[in-house]
Amino acid sequence: MAEENHAAEAADAPKKSGKMKLVIIAVVGLVLGLGVAAGAFLLLGEHPPQAENPDEHSEDAPADGEKKKKKKKKKSGEPELPPVYMKLENLTVNLSGKDHFLAASMELKLAEPEAQRLLTERLPEVKNLILITMSSNTPDSLATVEGKTALAQKLRDDLNALIDQDEDTGIADVFFTQFIIQ
């Protein structure tokens, strides 16, 4: 009988020891989890949440009478679409002045795909406007980066006026892919 009690106590010892190890592992896991959560809270909690429209709560937001250009926002949940480009054929024009010409290729970055349809419908007018605008420049005015940038901005603005759009709905930018002055 003494041997039976001793055998029962020996069988209970591993059960108690195994339960104790399980409790210790659970407590250590809980402490580690809380430590990770606290660290994440401290790192992420230091930054104030961003407003959906940062201009709304900005101190340098324009006064009521001032208007600021705002881009159209996509509805939440809509994926951001890649930009749409419209390639124009190579154009060669005589520059203002004597015996100089400009050979240029360009691509138009469109803010919305609808702008491509509007431009295509009026393609002869688009080409005419580009030719007249480019030919009104001198070689010296187009020799600098500032001159090329000014030409691109003027083309963007004039083309948007032609299709009755702005840079938020029509042509966002004009890129020269070839630009040779002779």
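Throughout, read-outs are computed from the coordinates displayed, never taken from laboratory work. Please read all numbers here as calculations on a predicted model, not as lab measurements. Positions of Cβ are generated from backbone atoms using ideal geometry, with glycine treated the same way; all protein chains shown enter the neighbour counts.
Summary of values
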item	result
Residue list for region 96-116, restricted to those being acidic (Asp, Glu) and either crowded, with 16+ Cβ neighbours inside 10 Å or not in a loop (DSSP other than H, G, I, E, B) (or both)	GLU107, GLU112, GLU114
Residue within region 157-178 that is hydroxyl-bearing (Ser, Thr, Tyr), loosely packed, with under 15 Cβ neighbours inside 10 Å, on the phi < 0 side of the Ramachandran plot and touching a strand residue (DSSP E or B) at 6+ places or on another chain (Cβ under 9 Å) present	yes
Filter pass, THR144 being without any contact (Cβ under 8 Å) to a residue 12 or more places away in the chain, surrounded by fewer than 16 Cβ atoms within 10 Å (Cβ to Cβ), more than 29 Å from LEU81 (Cβ to Cβ) and among the polar types (S, T, N, Q)	yes
Residue check for ALA152: of a type outside the set (Asp, Glu) and either more than 22 Å from the chain's Cα centre (by Cα) or within 16 Å of ARG117 (Cα to Cα) (or both)	no
Count - residues of region 75-95 that are assigned to a loop (DSSP other than H, G, I, E, B) and within 30 Å of ASP140 (Cβ to Cβ)	1
